[in-house]
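Asks: This structure is in C-alpha cells; I'll ask about it shortly.
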Amino acid sequence: MSEDKKSMPFIKVMLVDDDQLLLEDIRTLVDWGSLGFEIAGVFGNGQAALDHLSSCRPDFIITDIRMPCMDGLAFAAKVKECMPQVQMLLLTAYSDFDYAKEAIRLGVSDYILKYDLNEASLTAELIKVRGRFFSSRSISVMSSRQKLEQFLASPQDEAVKDQLVHMLESYGASVWGLMIIVPQTGLAVPGSTGALSRINRECYRIRDCLSELPFNGRGGQKEEPGYLAILHKGRQIVVLAMLDEGHRIESRYRRTMYGLACRFEECLGNGGEGSPTILYMPYGVSLPDRLFQAYECLDGLVPYTIFQGYGRIAEYETVKSRISETELKLDEMEAVRQGMAGMTVHGIVEKLETLMERFCRHSYSLAGFAQLGSLMDAAVLQYRKNNFCSPKQIQQFRQDVAECLSAEAVWETFTEFSQHIVEFGCHVYSSRVRKAVQFIHENYGNDISVQDAADQLGFNAEYLNKLFKREVGQGFSRYLTAYRMEQAKNLLESGDYRVGEVAEMVGYKSSQYFSMTFRQIMGVPPSAFGRQGDGTK
C-alpha cells in the first residue's frame, strides 16, 4: 500500500451470503487490506447481519440477493433505514435482474453477477467504492474521526491516546472542548426496535448536517473553532471542539462553546424528528485522560435531558446542580395509589402535581419521575374503574405518553387527559347510566338496589337495569357487588380494619356472607389482604 493509502482509514466491510463456499471465496479473492478495506463481519443470512449491524458498523456491505430468513432486498431496505450512508453491492444471478433494478431504487450502490465474480471484477468494484467513499468526505477528517472513535472506545490505550494528541496538535488545537448532542425521539426508545432505528437515523442526519457546516475541521474563519463530530454508542453525537491557547480563559471558552451550540441548534432545527438537546462542558481540557473524564460527565447527564425538554442548550454544571435522586418510599407510594380511590379527578391531579414539582421541576430525579409515571398510569386506571373512560382511551393515553419528548410533555398529556375526564367524564355511557354509576359510587356502603337508584333518578327500574347491562356489560347488582369488593380490598390492604368492620363499611350486615362473596369475586378470602395475609403490615 502506498504512503497516501496508509494514512487513510480502512473501509469496514460486511459480507452476507448463505453460501458458505462463496463467502470463503470472496474473503480470499482479493487482498482486502492492500485495497484499503477490512472485513468487519461475515454472516449467513440477512437477519443475523442485521442483528450485528450496530456492533460491526460497516461502511460497505456485499450481500446475496436470495437468502433464507431475510432476502437481500428486505435486508437492504432495513439497512438503509437505520444506516443510510452505507454503500451496498448485491450479488445476483441472471434471473434476479429485476430484483437488482429494485435494489438500485432502494439505494443500493451497485450489483454484480455471481458468474462474473473474479479477482479483477471484485477489485474494480472495490476501487469504485473507495472512490465514491472518499470523494464525498475529507480523508483527513475521516481519519480524525476514526481516532476520536478509537479513543472513546479504548481510553486507556496509550498508543490511541498518542494518536489523538498528535492529530489535535496537527490542527493547532491546544485546548479541547466537548459537547454531546442527544436526538429526541420519545420516551419509548428502550425496548422499541422502531424507535431505535429512528434515533440511529437521526444521529446520522445530525452528524452529516454538522459535517456540511463551513467551520468543520480546521474552521472556516479565524474566529470560528474547528470541530469533529462523531456518532457514538448509536444514540448520541459527540463533538470535539479544537480551540487555541486563548480559550484557557474561562469566559472566552464558555462564550465560544455556547456560540458553537447555538450554530448547531440553528442548523439542526429543521428536517429532523425533534430538535435535539445539546450539553457542553463549562471548561476546556488539554490531556486525553481529562477529555475522557469530561465525556463520562456529559454522558452521565444524557438520561436527564428529559427534564430539559427539547431544543435546549445546557451547560453541564447547570443540569448537574439540579439532580437530586430522591424518591417515595414504598409505603408512601402505596398510600398515594390507594388514596386515589376516594379522590376526585381534581384531587388526583393536585396530589400528583406536588410530585411533579418535587421530582421534575425543582430538582431532577429519574427514580422519582418513574414513580410519578407509574402513579399517572394508576390514576388513569382509577378513572377506568370509575367508568370515566374506555380501555381504548387508556391505550391512546399510553401511546401519547410514549411519544412525549420530555417529562413536562408527559405531565401535560396526563393533565389534558384528566381535564377531558372532568369535561366529558363518563361520556362512554349515556347520561342515565352515568347517573346510576355515580349513585353506586356514592351509596355502596348502604343497602341499595336498582329500585333505589331508579326511584332516586326518576327512572323505571326494569328499564334502567336493561340499559345499564347493555352499556356497562353487566347488570346493576353485579356491578354494585364488584365495586363493593374493590373498595373492600382497598380497606383491607390498609390494615386499619377488621373483616367484620370492612363488611359493614361496604354494605354487608353479615360478615360471613361478605367473606363468601369476596372469595367468589377476588378468588381469595378477605384475610389474604389483611394483616394475616401478607405478614408485612
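Rule-based calculations on the coordinates, nothing more; no lab input. Not measured: the values here are computed from a predicted model. Note that each Cβ is placed from the backbone with ideal geometry, even for glycine, and that neighbours are counted across all protein chains shown.
Asks: Report the relative contact order of segment 431-534, percent, no decimals, based on alpha-carbon pairs under 8 angstrom and at least 6 residues apart.
Replies: Contact order relative to length: 24 percent.
Asks: Let me ask you something else. Taking H placed 1.01 Å from N in the peptide plane, check which residues at least 5 places from Leu178 or on another chain put their amide H under 5 Å from its amide H.
Replies: Ala241, Met281
Asks: Among the listed pairs Lys233/Lys392; Lys233/Lys351; Lys392/Lys489; Lys469/Lys509; Lys392/Lys469, which have their C-alpha atoms separated by more than 31 angstrom in this model?
Replies: Lys233/Lys392; Lys233/Lys351
Asks: Okay, moving on. What does the charge count near Thr517 come to, summing +1 for each Lys or Arg and -1 for each Asp or Glu among other residues with Cβ under 13 Å from its Cβ?
Replies: Overall, the nearby charge balance is +4.
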